[in-house]
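K.L.:
What follows is a single structure, and I will ask about it in a moment.
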Amino acid sequence: MPTLREDFDTLWRYNALHKDLPDCVTQNLNPAMPLRYYQSRALAQLFFYLTGFQDRVRPTQLLFHMATGSGKTLVMAAAILYLYEQGYRNFLFFVNQTNIIDKTRNNFLNPLSIKYLFAEKIKIGAKEVHLREVVNFQSTHPDDISILFTTIQGLHSRLNTPHENALTYDDFADQNVVLISDEAHHINAETRNRRELGQDELLELDTWEATVRKLFSARTENILLEFTATVELDNPNIAAKYANKILYQYALKQFREDGYSKEVKVLEADLPPMERALQAVVISQYRRKVAEKHGVALKPVLLMKSRTINESKAHEVEFKTLMRELDSARLERLNNNAGGITQKSFAYFEAQGIPLDALAAELRQEFDENRILIINSKEESEKKQLLVNSLEDKDNEIRVVFTVNMLNEGWDVLNLFDIVRLYDTRDAKRGIPGKTTISEAQLIGRGARYFPFQLEASQIRDQRKFDEDITSELRVLEELYYHSAQNPRYIDELHTALVQTGIIAPRTKTVIMRIKDDFKATDFWKNGVIFVNKRIRNEREDIFDFGDITITKRHRYSLQTGITLEALILENQPAQTGGTITLPVNLRDLGLNVIRTALQRLEFYQFSNLSGYFPYLCSIQEFITSNEFLGDVVVDVIGMMEQIAGLAQDQKLRMAIDVLEKIAKEIQTGTPDYLGTKVFEPIGIKYCLKDKTLQITINEGGDQERGIGMRETTNGALSLDLRDKAWYVYDENYGTSEEKYFIRFLHGIVNRLQERYSETYLIRNEKLFKIHRFSDGIVIEPDFVLFLVKKDDRRSIIYQIFIEPKGGHLLQADQWKQDFLLEIRNEYQIETLFENKDFILSGMPFYNETATKIEFERKFREACLS
């Protein structure tokens, strides 16, 4: 029997769920924190379960099993907004650690925090909604979102030692409550086998899980939403408990594959602990310099991890002395034995004209004792958690954090780039990683959250950008280094733990694609060009009014009549309407004051924003009254005759806001913010192409050919030695099976091409160039570009053809890419003139060996051989 998660995976795969999120969510989250695709999916599945799933269980308990760093707290905030609209007002957030409470309270309630989750103003319907922290649910305001923050230990204590104004069990029996459990694996003590539990876990057994179950079960409409990255599904009792409760799962492995994490590197060094710490300091400063060079505001942080509190204190003292006395001689000794990233760091400082004495002075200042934080006990952690949680703030100068275990859970920081292990012990048995090693792997996973940055508008801020260009100096902004003593057995055990958690791939391969020397000797290398277009802001110069975009001008609005209808289900009779009618009302007839008030309630309709969509609009008055805008909008009002005839002002306002919210969404989706230019401009081939060093994950559930060269593949249908194929520019192809099938197809037809054309070149596009869809400027990086050169006595014609092999599972999802590629031939423009040269640009339909090859070959022959 399928689990709940499997049921919802099927529903999602067959597009049975409504994937667009409601405005109450999208309009009320912090616009600086756009929802990622997996967060949107988790929410869409939650909303369907609550309102459309026939097998919903009440009271409702659901688990979100999502990777560390994947943004579970933002999902919580979105769920709160949706549940508020569904009628819930009271929310209880609980977790096992006070430091997580402090962090979450700040993210939920402090608008000045850079991690504040909500919009500046929360507006649901026509009213502004306020977030309030409360200590109980006995006297909350019915229009507020009331949140109670507590540890599970504190919750148990409050409920079982009642005092005045305290939270009571009656709070949960008298009104609906949503319970939100973070790090929810801690409330499963009772489900585990008691004999397996330690003393602290036995305490949990007697309190936590039983308390939560009692609160949750108090009312059938109560909801318990659990969030964790580490539910113990290998425990049969816990697996059985959650079989029909895990609504969505997003594993750390998928998080990494999607590019939302840093790339983890383990740096072994046969050095004493403080020398390893100094090595991390040098690398950290190198990373900061590279970021500054490229305009990225980054203050990288180091974590110094000790085994015990006493050792941590001693290490802190030793490190402060090291930094206070640091001089060029100490750095020179480190440099003399340096390799890898350390050597690269010193080479960078030298290239930038920074001598070692100046570097030592800079490091003494950057890492002085005022920029060091130590967190070694619960008391310290609770006092300093807000400081730790604000390490990314521009006015937070902390560069180094010393700790033992206090940051293993609940630490939310993106600018951690180095973790230094200041001890050298192992706890594995028979090669199986022990608890300490697994804990270290989980800490690395927490530190591997990606630091977002953007160098150009087309880049995605919070995803890795240099997986296919690992020689770029900017790659260091996407790497987390774990500094360890040289201990091969420990490193093997750590690698095993990191693979188990999903933060590193089991096998990776670094390959180098080199441009052939013979190609570099050609005239095409020296003088050839590739044409690409640009992304530009859409000035909307052709948008004058609603008529130029698709805007619905007739809407429906139902008034609440309060009528109760009774019908016999078995009688084949239509339900009575109870006297309701439908009456068309012109929106502007609701009154100018009503329309103006509604517009003022919706930030989208600020004139400065609205005029960006309609550059020829003169005033809000014109927008309201002109038939080209709102003046011609009609609302079909459904209700009792007397209701419609005597609409109150608040009813008119609600109606106007409802219609205007719908129109705002249509305006935003009707005209994109960017366009791709139809003019294509030339870039010199020798400036565009370069040798590429790629890091490829091998055989991890994806295409089995990815990362395997064509001359080393065991699949005879894909095997080809490209080194002696003058038409292929690089010396090898490490792409997918579909790419290899396409290359074999071209290999089979290349003799006919060479009979017709004087030159034929196929270039694999490994992040070398990009083009932009005309309609909205979305970036496309076609896998290949084929150049065919036809010469006669007077002129040359150069054909530039974009080609994209595509796996069968992506043919439908990426149809928009094919549509654009096919559009190029009739839409492109070239304004740059070349003496005796003409250029023809086009794109081909997708190549797929089994699904589209026949059609592709027909189109290819028409374009190139007819």
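K.L.:
Take each of the peptides 415-426, 338-349, average the number of other beta-carbon atoms within 10 Å over its residues, and list them starting from the highest.
P.N.:
The most tightly packed comes first, giving 415-426, 338-349.
K.L.:
While we're here: Please list 51-60, 249-258, 785-794 highest first by mean number of surrounding beta-carbon atoms within 10 Å per residue.
P.N.:
249-258, 785-794, 51-60
K.L.:
Report, as a whole number in µm² per second, the diffusion coefficient that Stokes-Einstein gives for the range 591-655 at 25 °C and 0.890 mPa s using the Kirkwood radius over alpha carbon pairs.
P.N.:
My calculation gives 186 µm²/s for D.
K.L.:
If you find the alpha carbon centre of the range 753-825 and of the range 141-168, how far apart are they in angstrom?
P.N.:
First find each Cα centre; the distance between them is then 63 Å.
K.L.:
Suppose each label sits 7 Å from its Cα in the direction of the beta carbon; what would the Ile114-Asp427 distance come out to in nanometres?
P.N.:
The modelled label-to-label distance comes out at 3.4 nm.
K.L.:
Among Asn96, Gln606, Gly748, which residue has its Cα furthest toward the positive end of the charge dipole of the chain, with +1 on Lys/Arg Cβ and -1 on Asp/Glu Cβ?
P.N.:
Projecting each Cα onto the dipole axis, the largest value belongs to Gly748.
K.L.:
Checking a compactness column here: for the chain, what do you get for Rg(Cα) / (2.2 N^0.38 Å), N being the number of residues?
P.N.:
1.09
K.L.:
Which listed residue (Ile530, Asn176, Phe367) has the Cα farthest towards the positive end of the charge dipole for the chain, taking +1 on Lys and Arg C-beta and -1 on Asp and Glu C-beta about the Cα centre?
P.N.:
Of the candidates, Ile530 comes out farthest on the positive side.
K.L.:
What's the carbon and sulfur percent of the chain's accessible surface, probe 1.4 angstrom, rounded to a whole number?
P.N.:
The computed percentage sits at 47.
K.L.:
Given all pairs of different Cα atoms, what value in angstroms does the Kirkwood hydrodynamic radius of the range 96-176 take?
P.N.:
Averaging 1/r across every pair of different Cα atoms and inverting gives 14.3 Å.
K.L.:
Moving on to the next point. Of the DSSP beta bridges with both residues in the chain, give the percent that are antiparallel, rounding to the nearest 5.
P.N.:
Taking every DSSP beta bridge within the chain, about 40 percent pair in antiparallel fashion.
K.L.:
Calculate the FRET efficiency for Arg489 and Met1 from the Cβ-Cβ distance with a Förster distance of 60 Å, rounded to the nearest 0.05.
P.N.:
The calculated FRET efficiency here is 0.85.
K.L.:
Between their Cα atoms, which of Lys293/Lys678; Lys520/Lys791; Lys344/Lys516; Lys299/Lys384 are more than 23 Å away from each other?
P.N.:
Lys293/Lys678; Lys344/Lys516
K.L.:
With each pseudo-label sitting 7 Å past Cα toward Cβ, what's the Trp816-Lys293 distance in nm, one decimal?
P.N.:
Rounded to a tenth, the inter-label distance reads 3.6 nm.
K.L.:
Given a Förster radius of 22 Å and the C-beta distance between Ser558 and Gln668 as r, what FRET efficiency does 1/(1 + (r/R0)^6) yield to the nearest 0.05?
P.N.:
0.30
K.L.:
Averaging over every viewing direction, what projected area does the convex hull of the Cα atoms of the range 403-527 cover, in nm²?
P.N.:
About 11.4 nm², averaged over all directions.
K.L.:
When ligands, DNA and RNA are left out and all protein chains stay put, how many square angstrom of accessible area per residue does the chain have with a 1.4 Å probe?
P.N.:
Per-residue accessible area for the chain comes out at 46 Å².
K.L.:
For a label point 7 Å from the Cα of Ala726 along Cα→C-beta, name the residues of the range 761-799 whose backbone N is under 18 Å from it.
P.N.:
761-763, 787-792
K.L.:
Further, regarding this structure: Distances over 19 Å make up what percent of all Cα-Cα pairs in the range 601-693?
P.N.:
Value for the range 601-693: 60 percent of Cα pairs lie more than 19 Å apart.
K.L.:
Let me know the charge dipole size of the range 481-539 about its Cα centre in debye, to the nearest 20, where only the beta-carbon of Lys, Arg (+1) and Asp, Glu (-1) is charged.
P.N.:
Charge dipole, the range 481-539, about its Cα centre: 220 debye, nearest 20.
K.L.:
Residue separation times 0.36 nm, minus the C-alpha to C-alpha distance between Asp517 and Glu831: what's the value?
P.N.:
Stretched fully, the Asp517-Glu831 segment lengthens by 109.8 nm.
K.L.:
While we're here: Let me spell out the model: positive unit charges on the Cβ of Lys and Arg, negative unit charges on the Cβ of Asp and Glu, origin at the Cα centre of the chain. What dipole size does that give, in debye rounded to 20?
P.N.:
Charge dipole, the chain, about its Cα centre: 1180 debye, nearest 20.
K.L.:
With viscosity set to 1.306 mPa s at 10 °C, what whole-number translational diffusion coefficient in µm²/s follows for the range 230-322 from Stokes-Einstein and a Kirkwood radius over Cα pairs?
P.N.:
After rounding, the answer is 90 µm²/s.
K.L.:
Assuming R0 = 51 Å, can you tell me the calculated FRET efficiency for the pair Arg307 and Ala358, based on Cβ-Cβ distance, to the nearest 0.05?
P.N.:
The formula returns an efficiency of 0.90 here.
K.L.:
Using the C-alpha gyration tensor of the range 800-866, what are the square roots of 5 times its eigenvalues, in whole angstrom, with the largest one first?
P.N.:
The equivalent ellipsoid of the range 800-866 has semi-axes of 26, 14, 8 Å.
K.L.:
I'd like to compare 228-235, 800-807: which one has the highest average count of other Cβ atoms within 10 Å, and what's the full order after that?
P.N.:
The packing order, highest mean first, is 800-807, 228-235.
The values are calculated or read from the model by the stated rules, or taken from the named source; none is laboratory data. These numbers were taken from a predicted model, which means no experiment stands behind them. Cβ sites come from the backbone with ideal geometry, for glycine too, and all protein chains shown count toward neighbours. Areas reflect the complete protein model, heavy atoms only, side chains present, ligands, DNA and RNA absent. Shrake-Rupley method; radii C 1.70, N 1.55, O 1.52, S 1.80 Å.
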